[in-house]
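One structure is given here, and the rest of the page talks about it.
The values are calculated or read from the model by the stated rules, or taken from the named source; none is laboratory data. Nothing here was measured: the structure is a model prediction, and the numbers come from that model. Please note: Cβ atoms are built from the backbone with ideal geometry, for glycine as well, and neighbour counts cover all protein chains shown. Ligands, DNA and RNA are stripped out before the accessible areas are found, and what is left, the full protein with its side chains, is counted by its heavy atoms. Shrake-Rupley method; radii C 1.70, N 1.55, O 1.52, S 1.80 Å.
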2 protein chains.
Amino acid sequence: MAVRLADVAKAAGVSQSTASRVLNGSSRRPNPAVAERVRAAADELGYFPNAQAQALARSSAGLTGLIVHDIADPYFSSIARGAQRGLAGSGVQLMLASTEREAEAEVEAVRTFMSYRTDAIMLAGSRGLADDAALQKVLETYQDNGGKVAMIGQPLSNAGGVRIDNDGSAAALAGELLKLGHRRFVIFAGEEQLTTAAQRTAGFISKLRAAGVQPEAVHHGAFSRDGGYFLMSELIRSGAVGGPDAGPLCLFCVSDVMALGALAAVREAGMRVPEDIALAGFDDIPTLADQSPTITTVRLPLEEIGRMTAVMTLHNGDADRWTVVEGTPVLRESTRRD
Amino acid sequence: MAVRLADVAKAAGVSQSTASRVLNGSSRRPNPAVAERVRAAADELGYFPNAQAQALARSSAGLTGLIVHDIADPYFSSIARGAQRGLAGSGVQLMLASTEREAEAEVEAVRTFMSYRTDAIMLAGSRGLADDAALQKVLETYQDNGGKVAMIGQPLSNAGGVRIDNDGSAAALAGELLKLGHRRFVIFAGEEQLTTAAQRTAGFISKLRAAGVQPEAVHHGAFSRDGGYFLMSELIRSGAVGGPDAGPLCLFCVSDVMALGALAAVREAGMRVPEDIALAGFDDIPTLADQSPTITTVRLPLEEIGRMTAVMTLHNGDADRWTVVEGTPVLRESTRRD
DNA sequence: TCTACCCTGGAAAGCGCATTCCGGCATTAT
DNA sequence: ATAATGCCGGAATGCGCTTTCCAGGGTAGA
């Protein structure tokens, strides 16, 4: 069906080995005159290599897998974009799996990537500790077979990757909010078993405590827009928001998407941010700065994180190196106090 | 290194052919007792097939390529999510290429996917007519080699896919805005050579004309958040917004991301939507409904579009079938008139 | 009971390419 | 001038799997 290397070789009047050496990088560089003939023939016939066959012969596929929870979530799509950019020009292609936050699907995705003999797997997003066992096992198998594993956000197994200093960054945010004069805090902590969520919550609280402040409540719920919306609706219904006594409440959501959901619920109830309740998120997803009011958050260089991780997977030496990324508190209108 | 089919066969005391027939679907089903032995051995050894080798032997890779302009753009990431879902469970894997809106990169991505012998390629986003030649040529080569091409948004070549009724949907939106009483219109039309942008602009204008209304201006600029921001800044500086005479202006942006940029510029200038200027977008990206004010737009079922397209690529018969998707005008606060 | 046929498992031939090995030639060193 | 050293192109092997093709045993029909 398609043009094969053998066809090119025949057309150029050389052996297949020579054609291979000319067209696809080899340590041996054939004679320029011969090379030119081969290239001309390849052009003429419209030859393009069969990556599957190359992968089989080289036992390396030129593929890298990226596993995310939800590609439509701006947090992950920003990372994906960075990863794509990091790989650009290296000749390595990206395979994508979006797991819809199911642990089962995550393990399945790793299996699939193993089948395709991806050179590396990038895993973005935090996992609950409960799911680690199965995932860890399959990743170890992968590593035993020579695969590189790069985690984004969470350390796991004996892999490398980018660790986000959730703890310290959340603490820094808490510090800034205290400086602004906030004293009454509520936290929307996401799902209980998510490590990332837990770390952000813990870091935030520990900083408050260090300043002698106790959070008024910690609510758990889905780590998503709808989770934030729901929790906020509940909170408003409970009458905890807008109380005139003891100063305004400050809500810390452990992710921006939760904060957006919460904001929607606040608006819907006819209340205002920051007048009735102050609001802070975490991640600094791109759409956040265009909200009204603009929302305070912790900036994570998401795209850069994706890029760095991808680049790490390209260099063999970095297989189990960790890079720590710190978040930067960004104070915006949503936590203003007049 | 890894466990091979031959190892499993030996462990089970059968031939490799039999092992293959048992483990990977074949038309011939070996004896149940034998099959069980093979499966047990495979489990025992932790065998998983080498997809590259399978692809080579079957001459079909079980891969589908998705090419988008920018995976971090919610428009495309929603489509990607749908595509992923559409493929889920079919055993077909998704390969992703994000081209950063460069025509060159798009052609390159098709080449890469050809190399990987993807069974199908989905192309999302509109292309300028100028780039069609190169792209069309490479896609034709792909089709000649048995590849399926599914376009999302724009027809091209003799492929199938999902066509979006930009023209009619924009006209419908214009009709609704006229009904609300708007008479002074400005259009941010995106890049001149983008077919999608041009169609939306044309549809909108033709409906206005039919009602005897002439748009006051059509401005071209980048089809992105920053493009909208820039155009709006210019517009405000020119003094065209907020004039008390002749009623409030209504701005139609040919994409939601442009509308978001425009909104940011309006806010920055201390003006208000819809009081000083009304605003409408196109696409209905997920974040739009959570804006304040909520933004009028044309709803496109983005995720469903991605899903449909992916499903089409799975069924051979649908290779050159077209599905037309209509957008639905959604009137929100940003175009309210009191 | 014997022949014709079907079913099942195994041997072997690729799928398209990279790469090791080998032979022939032109250099350089002796 | 001869032997030793590279260098370059070609033949051949193998990557891991699917899929014909083949042989043998079982079944059914005569």
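Out of the residues in the stretch A:25-47 meeting the condition of being in contact (Cβ under 8 Å) with a residue 24 or more places away in the chain and assigned to a loop (DSSP other than H, G, I, E, B), tell me which one is nearest to the other protein chains (Cβ to nearest Cβ). Explain how you work it out, then say what you get.
Narrowing the stretch A:25-47 to residues in contact (Cβ under 8 Å) with a residue 24 or more places away in the chain: A:37-38, A:40-42, A:44-47.
Checking the rest, the ones that are also assigned to a loop (DSSP other than H, G, I, E, B) come to A:46-47.
Working: A:Gly46: 6, A:Tyr47: 11 Å.
It comes out as A:Gly46.
Tally time: how many residues in the stretch B:1-24 are open to solvent by 70 Å² or more (accessible area, probe 1.4 Å) and free of Cβ contacts under 8 Å to residues at least 12 places away in the same chain?
Within the stretch B:1-24, residues that are open to solvent by 70 Å² or more (accessible area, probe 1.4 Å) and free of Cβ contacts under 8 Å to residues at least 12 places away in the same chain number 3.
Would you say B:Ala9 is of a type in the set (A, V, I, L, M, F, W, C), more than 7 Å from DNA strand D (Cβ to nearest atom) and either within 12 Å of chain A (Cβ to nearest Cβ) or outside any strand (DSSP E or B) (or both)?
Numbers: of a type in the set (A, V, I, L, M, F, W, C): yes; more than 7 Å from DNA strand D (Cβ to nearest atom): yes; either within 12 Å of chain A (Cβ to nearest Cβ) or outside any strand (DSSP E or B) (or both): yes.
Criteria met by B:Ala9.
Restricting attention to the stretch A:102-120, report how many residues are surrounded by 19 or more Cβ atoms within 10 Å (Cβ to Cβ) and in a loop (DSSP other than H, G, I, E, B).
4
Within the stretch A:63-83, identify whether any single residue is small (Gly, Ala, Ser), part of a loop (DSSP other than H, G, I, E, B), under 30 Å from B:Pro49 (Cα atoms) and out of contact with any His (no Cβ under 6 Å at 6 or more places or on another chain), and answer yes or no.
The answer is no, given that none of the residues of the stretch A:63-83 is small (Gly, Ala, Ser), part of a loop (DSSP other than H, G, I, E, B), under 30 Å from B:Pro49 (Cα atoms) and out of contact with any His (no Cβ under 6 Å at 6 or more places or on another chain).
Just give me the residues in the stretch A:156-176 being open to solvent by less than 20 Å² (accessible area, probe 1.4 Å), assigned to a helix (DSSP H, G or I) and in contact with a strand residue (DSSP E or B) (Cβ under 6 Å, 6 or more places away or on another chain), in sequence order.
A:Ser169, A:Leu173
For A:Leu123, work out the one condition from (1) surrounded by 23 or more Cβ atoms within 10 Å (Cβ to Cβ); (2) at positive phi it doesn't fulfil.
If we test A:Leu123 against (1) surrounded by 23 or more Cβ atoms within 10 Å (Cβ to Cβ); (2) at positive phi, just (2) comes out false.
Step by step: first the residues of the stretch B:212-249, then only those that are of a type in the set (S, T, N, Q) and surrounded by fewer than 17 Cβ atoms within 10 Å (Cβ to Cβ), then the one that is modelled with the highest pLDDT. Which residue is that?
Here is the first cut: in the stretch B:212-249, the ones of a type in the set (S, T, N, Q) are B:214, B:224, B:233, B:238.
Narrowing further to those that are surrounded by fewer than 17 Cβ atoms within 10 Å (Cβ to Cβ): B:214, B:238.
On the way: B:Gln214: 95, B:Ser238: 87.
Filtering first and then ranking leaves B:Gln214.
Go through the stretch A:84-105 and give me each residue that's more than 9 Å from chain B (Cβ to nearest Cβ) and under 14 Å from the mean Cα position of the chain (by Cα).
A:Gly86, A:Thr99, A:Arg101
With the requirement that a residue be within 9 Å of DNA strand C (Cβ to nearest atom) and either within 14 Å of chain B (Cβ to nearest Cβ) or part of a helix (DSSP H, G or I) (or both), what does the stretch A:12-21 give you?
So the first thing to find is which residues in the stretch A:12-21 are within 9 Å of DNA strand C (Cβ to nearest atom), and the list is A:15-21.
Selection gives A:Gln16, A:Ser17, A:Thr18, A:Ala19, A:Ser20, A:Arg21.
Which one is most open to solvent (accessible area, probe 1.4 Å), of the residues in the stretch B:267-290 that are assigned to a helix (DSSP H, G or I) and facing another protein chain (nearest Cβ under 10 Å)?
Within the stretch B:267-290, the first condition is being assigned to a helix (DSSP H, G or I), and the residues that meet it are B:267-268, B:286-290.
Restricting the remaining residues to those that are facing another protein chain (nearest Cβ under 10 Å) gives B:267, B:286-290.
Values: B:Arg267: 63, B:Pro286: 86, B:Thr287: 28, B:Leu288: 0, B:Ala289: 49, B:Asp290: 20 Å².
Top of the filtered list is B:Pro286.
Checking B:Ser59 against (1) within 9 Å of chain A (Cβ to nearest Cβ); (2) within 16 Å of DNA strand D (Cβ to nearest atom); (3) surrounded by 17 or more Cβ atoms within 10 Å (Cβ to Cβ), which single condition isn't satisfied?
(3)
Failed condition for B:Thr112, given (1) over 27 Å from B:Asp320 (Cβ atoms); (2) within 16 Å of DNA strand C (Cβ to nearest atom); (3) in contact with a strand residue (DSSP E or B) (Cβ under 7 Å, 6 or more places away or on another chain), with all others met?
Unmet for B:Thr112, out of (1) over 27 Å from B:Asp320 (Cβ atoms); (2) within 16 Å of DNA strand C (Cβ to nearest atom); (3) in contact with a strand residue (DSSP E or B) (Cβ under 7 Å, 6 or more places away or on another chain): (1).
What single numbered condition from (1) farther than 24 Å from A:Met312 by Cα; (2) surrounded by fewer than 24 Cβ atoms within 10 Å (Cβ to Cβ) fails to hold for A:Ala88?
(1)
Which of the residues that make up the stretch B:294-334 are part of a helix (DSSP H, G or I), among the small types (Gly, Ala, Ser) and closer than 17 Å to B:Val254 by Cα? Before the answer, list the steps.
If we filter the stretch B:294-334 for residues that are part of a helix (DSSP H, G or I), which is where we start, we get B:302-314, B:316-320, B:333-334.
With among the small types (Gly, Ala, Ser) added as a condition, the list becomes B:306, B:310, B:317, B:319, B:334.
Across the stretch B:294-334, the qualifying residue is only B:Ser334.
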